[in-house]
Structure formats: structure tokens, C-alpha cells
Amino acid sequence: VRRATFALPLEALARLGIGGEVGGGVAALVETASGTSDAAALARFADLAATLGDPAETGGIRVIFSNTVPTLLTAGVAHGLARVAGTAALIDLAHESSSLDPLFEAGEPIAVAAGAEAETWERVDAAGLRLERPLDPVVAGDPAPVVGLADVFARLRAEGRAGIVHLGRMPTAALLFDCAAEADHVAVVVEETDLTGRRVADEIEVMKELMPHFDGVVVLTHAGEEARRPLPVAPLRSAV
């Protein structure tokens, strides 16, 4: 299992909770306060992808989830990794009220394949990133086994498209294990302070034994202030 440390600039972290405003929401981790692409931030995500061994090969599917980090942060990490993955799709399967709503609402609709469920959302954003929601959030939270994910992943592979699958915080065991069985890579997102605790360390050991393709731990830390405007230091969870 590869451990990758990812430093969150406090200025970007503060903008996570702005919602759909320019420079806010999950895009704050890859955009400036004015809403333009942040080259330095994208470079940090490219480094994270390289450390994780992000699937550069055609059709690689990576699952992102957490048992401790708020959905807003897991969504930001998943979105950032999707933005640097080349031809990619960001697949949102979080059962919570989604932090990715502003991206889907702002995206341009694309044609839905014949026979697809009416609830299926397929969009493309201004940066060319494909956004998909193959399951209704209620269905994604259902403890019953989820069917059809293998078909979704197979279609992405056939299109030569990498996929970053966002499961948010505390996905159901059924959904997590169904995704893990079909994906190429699975990564859990944790805060550095939680990683030192016995519970999270034990959970990682269990996942290594039970979960197919579990191969990454993304450890969130605070970045140094450098030239950024100083902000009060607050726990990461305060961003929600």
C-alpha cells in the first residue's frame, strides 16, 4: 500500500466551504480565488497521482473514499485527481448530499446512451472533465448489493477513459466492496492526525486483507503559508 502525503494550502481549504461561488467548492483545490486554473495546485495533484501510481494506462479505475474525512474533502481530492488524469471521468457514487452538485449543475449535458436509466447524469465541465452519476444517491446508500457497476467501468475502459470513483465518507460496505472488486485501484483518504490513531491504523490493515486492489493511503496535511495570505489555523473538519 502506497502512502502519499498531500498538503492542503489553508487559503484553498478556506474556500472549500464557499459552495458554488467562483473559486469555491471542491474546485477550490485546483482553482484560484478568481476561478481560473491553479497551475501549482494541479502540479500537486499530478505529484499525488504519480506517488499513488495513478493509472496512466488506458481505462484505469481508481476508487476514492474515507471513513473519517468529510465528503467535501474526499470530493476535492477525487476531483483533483480526475483533473490530472488525462481523458477521464469523475464518477460520483457518494450517498450523502453531494459536494459535487455545483459541478454537475454547471456542466453541459451530453447524450445518454440508449437504455440508460432516466436518473443517470452525464455532463462535461468547462475543463473537459466528464462527470457521471450512474446511481441515484438513495440507491448508492442502499445496503443491498449494487448491480451494474461492472458495466459502467467496462464502458469507460472501452472508451479508453480513466475513471476516478468518488464514494465520499462512510460508504456502505456493499457499495465499497462492489466497487473495489471491479476497480483497478482503491485509496482511502485520512488526516495525518487520524493516521497516528490505533483505530484508523487497524482499519487500514483490515482493508489490506479484505479489499481487492486496495493500494493507496492519501494523508492530508496543512501546507505551509509561504506567500499566501495568512489565515487562522483550524482543524480540517472545520471546512465542512
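The values are calculated or read from the model by the stated rules, or taken from the named source; none is laboratory data. Worth saying up front: this structure is predicted, and the values here are computed from it rather than measured. For neighbour counting, all protein chains shown are included, and Cβ atoms are generated from backbone atoms with ideal geometry for every residue, glycine included. The accessibility values were calculated without ligands, DNA or RNA, using every heavy atom of the protein model including side chains. Shrake-Rupley method; radii C 1.70, N 1.55, O 1.52, S 1.80 Å.
Quick grid of which residues meet (1) at pLDDT 90 or above; (2) among the basic types (Lys, Arg); (3) within 16 Å of the chain's Cα centre (by Cα); (4) open to solvent by 20 Å² or more (accessible area, probe 1.4 Å):
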residue	(1), (2), (3), (4)
Ile18	no, no, no, yes
Thr32	yes, no, no, yes
Asp38	yes, no, no, yes
Ala46	yes, no, yes, yes
Ala49	yes, no, yes, no
Thr58	no, no, no, yes
Pro70	yes, no, yes, no
Leu81	yes, no, yes, no
Gly107	no, no, no, no
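Of the residues making up region 181-206, those that are of a type in the set (S, T, N, Q) and crowded, with 18+ Cβ neighbours inside 10 Å number 0.
When Glu209 is tested against (1) among the charged types (D, E, K, R); (2) modelled with pLDDT of 80 or more; (3) open to solvent by less than 90 Å² (accessible area, probe 1.4 Å), just one condition goes unmet, and that condition is (3). Beta carbons closer than 6 Å, at least 6 apart along the sequence or on distinct chains, pair a first residue in region 14-43 that is farther than 16 Å from Ala127 by Cβ with a second that is in a loop (DSSP other than H, G, I, E, B) for Ala14/Leu231; Arg15/Gly23; Arg15/Gly24; Ile18/Gly24; Ala33/Gly23.
Output the number of residues of region 176-222 satisfying the condition of being assigned to a helix (DSSP H, G or I), over 18 Å from Val69 (Cα atoms) and in contact (Cβ under 8 Å) with a residue 60 or more places away in the chain. Total satisfying the criteria: 4.
Here is a check on your reading of the model: is Asp178 open to solvent by 30 Å² or more (accessible area, probe 1.4 Å), modelled with pLDDT of 90 or more and not aliphatic (A, V, I, L, M)? First the steps, then the outcome.
Numbers: open to solvent by 30 Å² or more (accessible area, probe 1.4 Å): yes; modelled with pLDDT of 90 or more: no; not aliphatic (A, V, I, L, M): yes.
Spelling it out, it is not the case that Asp178 is open to solvent by 30 Å² or more (accessible area, probe 1.4 Å), modelled with pLDDT of 90 or more and not aliphatic (A, V, I, L, M).
Does Ile64 satisfy the condition of being within 20 Å of Arg155 (Cα to Cα), under 14 Å from the mean Cα position of the chain (by Cα), of a type outside the set (Gly, Ala, Ser) and modelled with pLDDT of 95 or more? Against the criterion (within 20 Å of Arg155 (Cα to Cα), under 14 Å from the mean Cα position of the chain (by Cα), of a type outside the set (Gly, Ala, Ser) and modelled with pLDDT of 95 or more), Ile64 qualifies. Here is a check on your reading of the model: is His95 at pLDDT below 90, within 25 Å of Glu191 (Cα to Cα), in contact with a helix residue (DSSP H, G or I) (Cβ under 8 Å, 6 or more places away or on another chain) and crowded, with 18+ Cβ neighbours inside 10 Å? Answer is yes for this residue.
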